[in-house]
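Values quoted throughout were computed directly from the atomic coordinates according to the rules given, and no laboratory measurement underlies them. Computed from a predicted model, the values in this text were never measured in an experiment. A quick note on method: Cβ atoms are made from the backbone with ideal geometry, for glycine too, and the neighbour counts reach across all protein chains shown.
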Amino acid sequence: DECGVLIFYEDFTGEQEPFVDRMNEEKSFKNRVKTLFGVAKTLCDIVDHVSSKINPVTQRTPYFSDYETNTYRLNCYKSVTNKIFLLATKLECKPSSDLLKQFYENVFIEYFCKNPLVDLHQPIVAPLFRTKAREFFLKKK
């Protein structure tokens, strides 16, 4: 979320233990998540800062959408509510920031934000949300 708290994690490549279990048990996992978020947040902030200096009157602010290393691509979508969505993919996958925007609009808003029973600042543990997220990304594979 906007405070740097991981509210949802899913591995679509294989069987992983549930997100909440990993967050409670694995300190190294928490550190990797914090590092990844820090990199993405820093890149978003740099792009925001530089783009405001280059063209301060632009109607559409450019934003950091993907970062490529020699082993993976980190895709990013920053919502209007400042939620940052990250998706790590193989290099051969095309950039996926538009896919993350679709996820935000069609899954996150519908199955998380509109759910009156959830705390918007706590990890997502709702089974329906997890199911819809898996369906969304596996369908797009």
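The table that follows gives values for the structure above.
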{"item": "Full-stretch length increase - Lys41, Ile109 - with 0.36 nm per residue and alpha-carbon distance subtracted", "result": "22.3 nm"}
{"item": "Distance in nm between pseudo-label sites at Lys27 and Glu135 (7 Å out along the Cβ direction from Cα)", "result": "4.0"}
{"item": "Rough spin-label spacing in nm, given labels placed 7 Å along Cα→Cβ, for Leu117 and Tyr9", "result": "2.5"}
